[in-house]
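K.L.:
Below you will find the structure I want to go over with you.
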Amino acid sequence: MSTRSMGLGEELRQYLLSVTAPEPELLTQLREETAQHPQGRMQICPEQGRFMALLIQLMGAKKTLEVGVFTGYSSLSVALALPADGKVVACDISEDYTQVARRYWHAAGVADKIQLHIAPALETLDRLLETDQAGTFDFAFIDADKGNYWGYFERTLQLLRPGGLVAIDNVLWSGRVIDPEDTSPDTEALRLFNQKVQQDPRVTVAMLPIGDGLTLALKR
């Protein structure tokens, strides 16, 4: 996990941030508050947030899905980029983490765009499928427990419309995916996931070295 893109020195990273779209003030405040959290490393980096916001605008997305909310940086980035009638269906299991997220959603005036489900995400995704929401989402972001990535991906793909996009975080795992001595369950799960997605005929895939590695999969 990383709060900055891999391979960028601090000076170059600061230059990158200085010449890209400015980070909204509330996102800066949220990022700085989360950096003090014991699990602050789970937060996405600001350049990734800006990139995801651009994707939302580029696609004209209105209905989006998030698996893994934490303190809300990614969901807030997406919600701010959505039109007034846009919607984020957000999945998490932590009331504690998402209390921070809710506070910033309200401060930003986007709380009415975000529907938070506190439950195991697989259950929430299954419930969405059971209520005839397959093929209705434009965009999805997966950033949760790595052992369930394939289960999240399979369900998300059913929920996306053709031409919809899913972004999957942490796919380079701080470089551990190429460390032959790292056989931890999360690392092995990510290796297998990356291979399966790359070979999946249902999607067109690109992996980007932004943040901790971000895979984009376009549903055909």
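The values are calculated or read from the model by the stated rules, or taken from the named source; none is laboratory data. Fair warning: this is a prediction, and the values are worked out from it, not measured in the lab. Don't worry about glycine lacking a Cβ; one is built from the backbone with ideal geometry, like all the others, and counts go over all protein chains shown. Ligands, DNA and RNA are excluded from the accessible area calculation, which covers all protein heavy atoms including side chains. Shrake-Rupley method; radii C 1.70, N 1.55, O 1.52, S 1.80 Å.
K.L.:
From the backbone phi of region 99-113, what are the Karplus-calculated ³J(HN,Hα) couplings (6.51 cos²θ - 1.76 cosθ + 1.60, θ = phi - 60°) in whole Hz, Gly and Pro given as x?
P.N.:
3J(HN,Hα) across region 99-113, in whole Hz: 4, 5, 4, 4, 4, 6, 4, 5, 4, 7, x, 10, 4, 6, 8.
K.L.:
Before anything else, pin down the relative contact order of region 71-166: Cα pairs under 8 Å, at least 6 apart, normalised by residue count, whole percent.
P.N.:
Across region 71-166, relative contact order equals 25 percent.
K.L.:
Per residue of region 152-161, what does 6.51 cos²θ - 1.76 cosθ + 1.60 with θ = phi - 60° give for ³J(HN,Hα)? Whole Hz please, x for Gly and Pro, Karplus curve as stated.
P.N.:
My calculation for region 152-161 gives 5, 4, 4, 6, 4, 4, 5, 6, 6, 6 Hz in order.
K.L.:
Roughly how many Å² is the accessible area per residue of region 82-220, as a whole number, for a 1.4 Å probe?
P.N.:
Ligands and nucleic acids excluded, the result is 46 Å² per residue.
K.L.:
May I pose another question? Using only the Cα atoms of region 119-210, build the gyration tensor, take square roots of its eigenvalues as a ≥ b ≥ c, and label the shape rounded, prolate or oblate: rounded if a/c is under 1.5, else prolate if a/b is larger than b/c, else oblate.
P.N.:
It is prolate, given that a/c is not under 1.5 and a/b is the larger ratio.
K.L.:
For region 1-55, what size does the Cα cloud have along each of its three principal axes, sorted from largest down, in whole Å?
P.N.:
Answer, in whole Å and largest first: 30, 25, 19 Å.
K.L.:
Could you please put GLU11, GLU95 in sequence from largest to smallest accessible area, using a 1.4 Å probe?
P.N.:
The ranking, largest first, comes out as GLU11, GLU95.
K.L.:
Continuing with the same structure: Carbon and sulfur atoms: what percent of the 1.4 Å accessible area of region 1-45 do they account for?
P.N.:
54 percent
K.L.:
Reachable aspartates and glutamates from LYS113, Cα under 13 Å, same-chain residues fewer than 8 places away excluded?
P.N.:
Of all the aspartates and glutamates, those that pass the test against LYS113 - Cα under 13 Å, at least 8 places apart if same chain - are GLU66, ASP85.
K.L.:
Order the peptides 138-147, 172-181, 65-74, 49-58 from the highest to the lowest mean number of other Cβ atoms within 10 Å of their residues.
P.N.:
Taking the mean over residues of other Cβ atoms within 10 Å, the ranking is 65-74, 138-147, 49-58, 172-181.
K.L.:
What is the set of long-range amide H partners of ASP212 at a cut-off below 5 Å, with H atoms built 1.01 Å from backbone N?
P.N.:
Answer set, sorted by chain and number: SER2, ASN170.
K.L.:
Using Cα pairs closer than 8 Å and at least 6 residues apart in sequence, work out the relative contact order for the chain, in percent.
P.N.:
This gives 20 percent for the chain.
K.L.:
Please list THR98, THR136 from largest to smallest accessible area, probe radius 1.4 Å, with all protein chains kept in place.
P.N.:
These residues rank, largest area first, as THR136, THR98.
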